[in-house]
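Read through the structure below, which is laid out as C-alpha coordinates, and then see the notes.
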Amino acid sequence: MNTNARSHDKYDQLLDDAEKLIWALLDDRIEADDAVRIEKLLKESEQVRSRYRRCAEVHANLYEQYGKRPRADATALVLNA
(Lines give C-alpha, C1' and ligand atoms only; values in the text may rest on other atoms or scores of the structure.)
Protein backbone atom coordinates (compact mmCIF):
# COMPACT_ATOMS: atom_id res chain seq x y z
CA MET A 1 0.00 0.00 0.00
CA ASN A 2 1.43 3.40 -0.91
CA THR A 3 1.75 6.36 1.46
CA ASN A 4 -1.23 8.21 -0.05
CA ALA A 5 -3.52 5.22 0.44
CA ARG A 6 -2.38 4.81 4.05
CA SER A 7 -2.94 8.51 4.75
CA HIS A 8 -6.41 8.31 3.19
CA ASP A 9 -7.28 5.21 5.24
CA LYS A 10 -6.04 6.90 8.43
CA TYR A 11 -8.12 10.01 7.64
CA ASP A 12 -11.22 7.90 6.93
CA GLN A 13 -10.67 6.14 10.25
CA LEU A 14 -10.41 9.52 12.01
CA LEU A 15 -13.76 10.62 10.53
CA ASP A 16 -15.35 7.28 11.45
CA ASP A 17 -14.06 7.60 15.01
CA ALA A 18 -15.26 11.21 15.17
CA GLU A 19 -18.71 10.17 13.97
CA LYS A 20 -18.97 7.57 16.74
CA LEU A 21 -18.11 10.27 19.27
CA ILE A 22 -20.59 12.67 17.66
CA TRP A 23 -23.43 10.16 17.94
CA ALA A 24 -22.50 9.43 21.55
CA LEU A 25 -22.62 13.16 22.27
CA LEU A 26 -25.95 13.66 20.49
CA ASP A 27 -27.43 10.60 22.22
CA ASP A 28 -26.27 11.90 25.61
CA ARG A 29 -24.12 8.84 26.28
CA ILE A 30 -20.62 10.25 25.84
CA GLU A 31 -17.92 9.73 28.44
CA ALA A 32 -16.05 12.78 29.78
CA ASP A 33 -12.73 11.90 28.10
CA ASP A 34 -14.49 11.31 24.78
CA ALA A 35 -16.23 14.68 25.11
CA VAL A 36 -12.83 16.33 25.43
CA ARG A 37 -11.59 14.39 22.39
CA ILE A 38 -14.53 15.34 20.14
CA GLU A 39 -14.27 18.97 21.24
CA LYS A 40 -10.62 18.97 20.15
CA LEU A 41 -11.44 17.30 16.84
CA LEU A 42 -14.22 19.81 16.17
CA LYS A 43 -11.85 22.71 16.80
CA GLU A 44 -9.13 21.27 14.56
CA SER A 45 -11.01 19.89 11.55
CA GLU A 46 -13.52 21.46 9.17
CA GLN A 47 -14.38 17.95 7.92
CA VAL A 48 -15.24 16.83 11.45
CA ARG A 49 -17.36 19.96 11.93
CA SER A 50 -19.15 19.22 8.66
CA ARG A 51 -19.76 15.62 9.74
CA TYR A 52 -21.07 16.93 13.08
CA ARG A 53 -23.53 19.26 11.35
CA ARG A 54 -24.84 16.41 9.16
CA CYS A 55 -25.24 14.06 12.12
CA ALA A 56 -26.92 16.76 14.20
CA GLU A 57 -29.35 17.46 11.36
CA VAL A 58 -30.25 13.77 11.10
CA HIS A 59 -30.56 13.59 14.88
CA ALA A 60 -32.90 16.60 14.99
CA ASN A 61 -34.98 15.24 12.09
CA LEU A 62 -35.38 11.89 13.82
CA TYR A 63 -36.48 13.56 17.03
CA GLU A 64 -38.89 15.76 15.11
CA GLN A 65 -40.32 12.75 13.27
CA TYR A 66 -40.78 10.69 16.40
CA GLY A 67 -42.03 13.43 18.71
CA LYS A 68 -39.02 13.97 20.96
CA ARG A 69 -36.96 17.10 21.27
CA PRO A 70 -33.15 17.16 21.01
CA ARG A 71 -31.19 18.30 24.04
CA ALA A 72 -30.76 22.07 24.23
CA ASP A 73 -27.00 21.85 24.71
CA ALA A 74 -26.62 19.55 21.66
CA THR A 75 -28.55 22.10 19.60
CA ALA A 76 -26.27 24.86 20.88
CA LEU A 77 -23.25 22.86 19.76
CA VAL A 78 -24.74 22.59 16.25
CA LEU A 79 -25.13 26.34 16.05
CA ASN A 80 -21.52 26.85 17.12
CA ALA A 81 -19.99 24.13 14.89
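The values are calculated or read from the model by the stated rules, or taken from the named source; none is laboratory data. Everything numeric here is computed off the predicted structure, so don't read it as measured data. Cβ atoms come from the backbone with ideal geometry, glycine included; neighbour counts cover every protein chain shown. For the accessible areas, the whole protein counts, side chains as well, though only heavy atoms, and no ligand, DNA or RNA atoms are used. Shrake-Rupley method; radii C 1.70, N 1.55, O 1.52, S 1.80 Å.
Net charge near residue 37, counting Lys/Arg +1 and Asp/Glu -1 over other residues with Cβ under 10 Å of its Cβ?
For residues surrounding residue 37, the net value is -4.
Quick one: ranking 36, 48, 58 by accessible area, 1.4 Å probe, largest first, what do you get? Walk me through the intermediate numbers first.
On the way: 36 100, 48 0, 58 70 Å².
I get 36, 58, 48, largest accessible area first.
Efficiency by 1/(1 + (r/R0)^6): what FRET value for residue 27 and residue 53, r their Cβ-Cβ distance, R0 = 22 Å, to the nearest 0.05? Numbers along the way, then the final one.
Values: r = 16 Å, r/R0 = 0.75.
Efficiency at R0 = 22 Å is approximately 0.85.
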